[in-house]
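None of the figures in this text is laboratory data; all of them are computed from the coordinates on show. Quick caveat: nothing in here was measured; it's all calculated off a predicted structure. Cβ placement follows ideal geometry from the backbone for every residue including glycine, while neighbour counts extend to all protein chains displayed.
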Amino acid sequence: GQQLLEAGLQVEEFGGEVPMIGISATQRTNLDQLREAVLLQAEMMELRSEREGPAEAIVLEASVRKGLGVVATLMVQRGCLKPSDCVVVGSGYGKVRVMQDETGSKLRTAHASTPVTISGV
């Protein structure tokens, strides 16, 4: 908290407006609290995104896995992503074969603010 204050960010615990959530992605600690805080901030800031139309996403992580091909974790920013959609990343392209959420459950659609893992591209 103190380092953030020195960098000009006033976190809530020091009377500011910036929420601070201690997380560990590797140990999956406090990820639900982080998600809730992000959703609350988005609601308070009245952030909205297009839910229909072609999807746009940010690639967070990508790798090649034997038997699956390219596997990428994405954050959908706008539109709707579905299995069988064509995707373009840089100079590469392909079709989404499998789309899963963070628990590994298959998804039929993914809208803005949805993290997904796609494979078979």
Loop-resident sites, the range 1-41, for GluC sites (Glu not before Pro), counting at most 12 other Cβ within 10 Å (DSSP) | Glu17
Normalised by the residues of the range 56-119, what does the relative contact order come to in percent, with Cα pairs under 8 Å and at least six apart?
-> 35
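Roughly how large, in nm² to one decimal, is the mean projection of the convex hull of the alpha-carbon atoms in the range 56-119? Intermediate values should be presented prior to the final figure.
Numbers: hull surface 15.9 nm².
So the Cα hull casts an average projection of 4.0 nm².
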Pair Glu6, Lys95: separation of 7 Å Cα→Cβ label points (nm) = 5.5
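In the chain, what % of DSSP beta bridges are antiparallel (nearest 5)?
Details: 24 of 26 bridges.
Close to 90 percent.
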At each listed q (0.10, 0.15, 0.18 Å⁻¹), what is the log10 of I(q)/I(0) that the Debye formula gives for the chain modelled as equal alpha-carbon point scatterers?
-> -0.41, -0.80, -1.01
Name the residue farthest towards the positive end of the dipole of the chain from the options Gly94, Met20, Ile58, assuming +1 on Cβ of Lys and Arg, -1 on Cβ of Asp and Glu, about the Cα centre.
-> Gly94
Spin-label point model (7 Å from Cα, Cβ direction): what's the Val18 to Gln33 distance in nm?
-> 1.8
Can you give me the relative contact order of the chain as a percent, contacts being Cα pairs under 8 Å and 6 or more apart?
-> 19
Which residue, Leu68, Leu31, Leu60, tops the fluctuation ranking in a GNM of the chain built on C-alpha contacts under 10 Å?
-> Leu31
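Can you compute the equivalent ellipsoid semi-axes for the range 2-44, i.e. the square root of 5 times each eigenvalue of the Cα gyration tensor, sorted largest first and rounded to whole Å?
On the way: eigenvalues 80, 46, 9 Å².
Semi-axes (√(5λ), whole Å): 20, 15, 7.
Would you work out the charge dipole size for the chain about its Cα centre, treating the Cβ of every Lys and Arg as +1 and the Cβ of every Asp and Glu as -1, and quote it to the nearest 20 debye? Provide the component values of the computation, followed by the final result.
Numbers: 12 positive and 15 negative charges, 204 e Å.
Using only the charged Cβ atoms, the result is roughly 980 debye.
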Based on the mean of other beta carbon atoms within 10 Å per residue, what is the order of 83-92, 96-105, most packed first?
-> 96-105, 83-92
Give the angle, between 0 and 90 degrees and rounded to the nearest 10, that separates the Cα long axis of helix 31-44 from the longest principal axis of the Cα atoms of the chain.
-> 80
